[in-house]
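Just so you know, all these numbers are worked out from the coordinates, no wet-lab data involved. Just so it is clear, the model here is predicted, and its values are computed rather than measured. So basically every Cβ, Gly included, is an ideal-geometry build from the backbone, and we count neighbours across all protein chains shown.
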Amino acid sequence: MKVAQLLIKCLENEGVEYIFGVPGEENIDLMDALLDSKIEFIVTRHETSAAFMAGTYGRLTGKPGVCLATLGPGATNLLTGVANANMDQCPLIAITGQAGLNRQHKISHQYYDLVNIYEPITKWNAQIKTPEIVPEVVRKAYQLANQEKPGATHIDLPEDVAGMEVDEPLLEITGRALPHAEEAIIKKAASLIEGSSYPLILAGNGITRGQASEELRTFVEKTNIPVVHSFMGKGALSWKDEASLLTAGLSGKDYITCGFEQADLIITIGFDMAETPPENWNPERSTPILHIDTEEAEIDSHYPVALNVIGDIKQNITQLMNVLADKKRSLDWVRSIREKALDELESYKQDNEFPVKPQKIISDLRDVLNDEDIAISDVGAHKMWMARMYHTAQPNTCLISNGLASMGVAVPSAIAAKMVFPERNIVAVCGDGSFLMTGAEMETAVRLNLPIIVLLWRDDGYGLIEWHQMKKFERPSHIRFGNPDFVQHAKSFGFEAIKIEKTEELRPALDKAISLKKPVLIDCAVDYRENMKLTEKLRGIRC
């Protein structure tokens, strides 16, 4: 068979269901081979969107998502989405077409050295220079993408190699179990916890990846140690649990700051350093860290590790729970933190001022979605509000990219999420700035008959940047832009579309969007004057 056919056979052997991408001249051998494959190729309207879809597929399934682009501009377009998956620890394999080997030694049409370009934003990448190495390259790319901590790998396939003949067997797939910590380490960890008066857990995305949410919940039930979530760890403990202190991640002060200030031990579990810098929640560098993760901690002066507990998170939590003395602590020291955060959201339920306040949008959205439904936040001011106030009962039901945090991620991610969970309601929460970066994927949603909901927060500008500008300089700079008629724009793609003219219309519009079982866009004007009001409010917090 041809190299391209063998590569597709290797991907089938790995259990790949979909490849997201844009075909090009240099990968036509691969595209032809896909016609005889059970793998479904999802044509996207931009290569960055393809990588966003593959990354979200990887995050939700735990299996590497696969994306494809041609050489040159196709490969460089793909780059942002690949970097996004890599920094968010989402397993992904990127495949790029490439110029033939006979013209890589000189300046050539659309040719760049993609292995060197992709090197900083992947765990591993390689070019297939000879036909015989295809099974090894695919197996290694898949294995490394999936290993903790997961991320992106890259395969570069020159067009002349793709058409060469090859006769190589597929490689056997072998599993790899993570080790667990030694008994002596577990006992030291238990001693640290038992010796602390006010321990606090910071739950990261690694808990979800390690499928350790139930173990965490049992651990908290036994110990009553309160839990703060990172943006990407939301839902590890249900927001309904009295021990949940909801979400941390704003760069300034918030209610949860008081919890961190009083804590005498911070237990980070599955925490990825890229999510939120420790200087935000351990500014004095004085609170020791018990680091429970699959890898040793990144070196950071604000992250003074007292002990590393490395290995399978699920097993290590269970081992730790088994050796801890029975001591159910009082939550009184953090009770007011939780109450203030929940009261803040509750106070906006009946607010009917227009444009709609961020708190009200989130209140209505939370009310209409079930616990298992998925809200996906794009990047912008709305992301900060969603992180603070959209509370979750299950892992991976509020997806926030907080590593690379690329704008434009929500609509492509909603498409991938709907493919993985067709029975759930999927809502892409977008700003008008981020939406138009990948909004052409509305056509993809319609073509694939995927009834996603796009909840558009419209403020005619880059609201998050304005927020930062106002905090530092008290005046905005070059953040305004014009917008199309979003209702007509969405309808031209085949979406149903609803424009909110007064606040009382939002909740019924969300209910209608869910009932239609069709792709729907809701155009909602947002009152971002609340951004600076929140800043002033948080400045006044006294612990």
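Data for the structure
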{"quantity": "The range 386-480 - percent relative contact order, Cα under 8 Å, separation 6 or more", "calculated": "24"}
{"quantity": "Built amide H within the under 5 Å cut-off of Ala428, gap 5+", "calculated": "Ile376, Ile453, Val454, Leu455"}
{"quantity": "Unit charges on C-beta of K, R, D, E only; dipole of the chain, Debye", "calculated": "1220"}
{"quantity": "Computed helical MRE - 222 nm, the chain, DSSP H runs ≥ 4 contributing -39500 (n - 2.57), nearest 500", "calculated": "-11500 deg cm²/dmol"}
{"quantity": "Order of Ile8, Ile479, Ile93 under a 10 Å beta carbon neighbour criterion, fewest first", "calculated": "Ile479, Ile8, Ile93"}
{"quantity": "5 angstrom amide H check on Asp460, placed H, neighbours 5+ away", "calculated": "Asp432"}
{"quantity": "The chain: Cys lacking any partner C-beta under 4.7 angstrom", "calculated": "Cys10, Cys67, Cys90, Cys398, Cys430, Cys524"}
{"quantity": "Burial ordering of Leu464, Leu35, Leu455, fewest other beta-carbon atoms within 10 Å first", "calculated": "Leu35, Leu464, Leu455"}
{"quantity": "All-pairs alpha carbon distance profile, the range 171-238, 10 Å steps from 0, percent", "calculated": "17, 40, 32, 8, 3, 0"}
{"quantity": "Rounded to whole Hz, the Karplus (6.51, -1.76, 1.60) HN-Hα couplings of the range 2-9, x for glycine and proline", "calculated": "7, 4, 4, 5, 5, 4, 5, 4"}
{"quantity": "Calculated from backbone phi, Karplus (6.51, -1.76, 1.60) coupling profile of the range 88-104 in Hz, x at Gly/Pro", "calculated": "8, 6, 9, x, 8, 10, 9, 10, 10, x, 8, 4, x, 4, 6, 10, 7"}
{"quantity": "Given charges at beta-carbon only (K, R positive; D, E negative), |dipole| of the range 3-162 in Debye", "calculated": "400"}
{"quantity": "The range 183-334 - Debye-derived log10 I(q)/I(0), Cα point model, q = 0.18 Å⁻¹", "calculated": "-1.04"}
{"quantity": "Alpha carbon convex hull of the range 3-162, volume per residue in cubic angstrom", "calculated": "89"}
{"quantity": "The range 486-538: C-alpha gyration tensor shape, a/c 1.5 cut-off, then a/b vs b/c", "calculated": "prolate"}
{"quantity": "Contour excess over end-to-end distance, with Cα ends at Glu346 and Ser492 and 0.36 nm allotted per residue", "calculated": "48.8 nm"}
{"quantity": "In the range 55-152, trypsin sites (Lys or Arg not before Pro) in a DSSP loop with at most 14 other beta-carbon atoms within 10 Å", "calculated": "Lys106, Lys129"}
{"quantity": "Listed residues Ala393, Pro451, Leu307: farthest to the positive end of the dipole of the chain (Cβ charges)", "calculated": "Ala393"}
{"quantity": "Burial ordering of Ser49, Ser336, fewest other beta-carbon atoms within 10 Å first", "calculated": "Ser336, Ser49"}
{"quantity": "Mean separation of Cα contacts under 8 Å (6+ apart) over length of the chain, as relative contact order %", "calculated": "13"}
{"quantity": "Farthest positive-ward along the chain dipole, Cα basis, beta-carbon charges - from Leu11, Pro73, Ala414", "calculated": "Ala414"}
